[in-house]
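The values are calculated or read from the model by the stated rules, or taken from the named source; none is laboratory data. No experiment lies behind these values; they were computed from the predicted model shown. With ideal geometry, Cβ positions are generated from the backbone for all residues, glycine too; neighbour counts draw on all protein chains shown.
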Amino acid sequence: MKARTVDTLVRRAAEGDGEALRDLHRAVMPAVTAFFRRANRVPASAVEELANQTVAEAFQVLTKGRYDERQASFTTFLHGVAYNIRLRYARSRAAAREVAFSELSGDRSAALPDPAAVPTGEEDALDEILVMRDCLFANGGPADLTPDERYVVIGRANGETYQALADRLGRSLDTVHRLNLHALDKLREGMKSRGFHARRPKNT
């Protein structure tokens, strides 16, 4: 739709014309949706929701008389709203990711049994668990897991699907599969270097 038509709809919508507001919604939604589809690390499942949120916030400003066309065209203003929503979304995902990672990894000591309480004959199993956790949370070495690799392998161990992890990380399904494979390879090598030989799982 031409800019002149959009400007006309904006003025009419600001005056309370409901039909103009609906027409304006139809006019701007394709561009807003395309913005979020092109945005880095915005999963397809979130595009429509973010686009609708953008338009809703922009229209709220418009209908309350707070939009000033002398400051910027409506399309420029709308782009600014979309950009801010994208930033908020990225920050909320980062925060949620930290919380989820904490929940998945848990307290590294709380889940481990007291060595003195381990039944006779099961000490080797406990040693293997301790070594696995050391490998999982090792930090600083060239072969240590990256944060994303650690997140994926812990998520898989806790029953998370690849798709759920991909959506949460904002990565493709293939990337998450590769992260999992790299993490498992690093864990096997880490355990091997510590005297344990982890078995290669049949299905990762």
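Starting from residues that are in a loop (DSSP other than H, G, I, E, B) and basic (K, R), keep the ones in the range 8-64 and report whichever is surrounded by the fewest Cβ atoms within 10 Å (Cβ to Cβ).
K64
Return yes or no: is A46 over 20 Å from R11 (Cβ atoms), touching a residue at least 40 places away in the same chain (Cβ under 8 Å) and touching a Lys or Arg at 6+ places or on another chain (Cβ under 7 Å)?
No; evaluated as a whole, the condition is false for this residue.
Any idea which residue in the range 22-53 is modelled with the lowest pLDDT, counting only those that are β-branched (V, I, T) and within 18 Å of R91 (Cα to Cα)?
In the first step, residues of the range 22-53 are kept if they are β-branched (V, I, T); the result is 28, 32-33, 42, 47.
Next, only the ones that are within 18 Å of R91 (Cα to Cα) stay: 42, 47.
On the way: V42: 82, V47: 92.
Among those residues, the one meeting the criterion is V42.
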